[in-house]
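Notes follow the structure.
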Amino acid sequence: MRAYVLVNATPGRSLELARRIRDVQGVRAADAITGEYDVVVTCESPDINALGKLIVEGIQRLDGVHKTTTCLVVT
């Protein structure tokens, strides 16, 4: 199962946060971006439960993460 996680970061923290998110197991890419969101993350997991754990425990708990929006890949 693959998903894109859109992250709103604390102002001034997006570059550092993208680097730290890349170290989370299951994350395939994390890039600082411009626009409404600050970081876009590509992640993969074997099932929805593992994906939820990756997002909640691996990404949302990082210092500097303000909010996340998850987009599940359907193709």
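Taken together, the values in this text are just the output of simple stated rules run on the coordinates, not laboratory data. Note that this is a predicted model, so its numbers are computed, not measured. A quick note on method: Cβ atoms are made from the backbone with ideal geometry, for glycine too, and the neighbour counts reach across all protein chains shown.
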Exposure proxy ranking, count of Cβ atoms within 10 Å, fewest first, for Val73, Val7:
Val73, Val7
If each DSSP helix of 4+ residues adds -39,500 (n - 2.57) and the sum is divided by the residues in the chain, what number results at 222 nm, nearest 500 deg cm²/dmol?
-4500 deg cm²/dmol
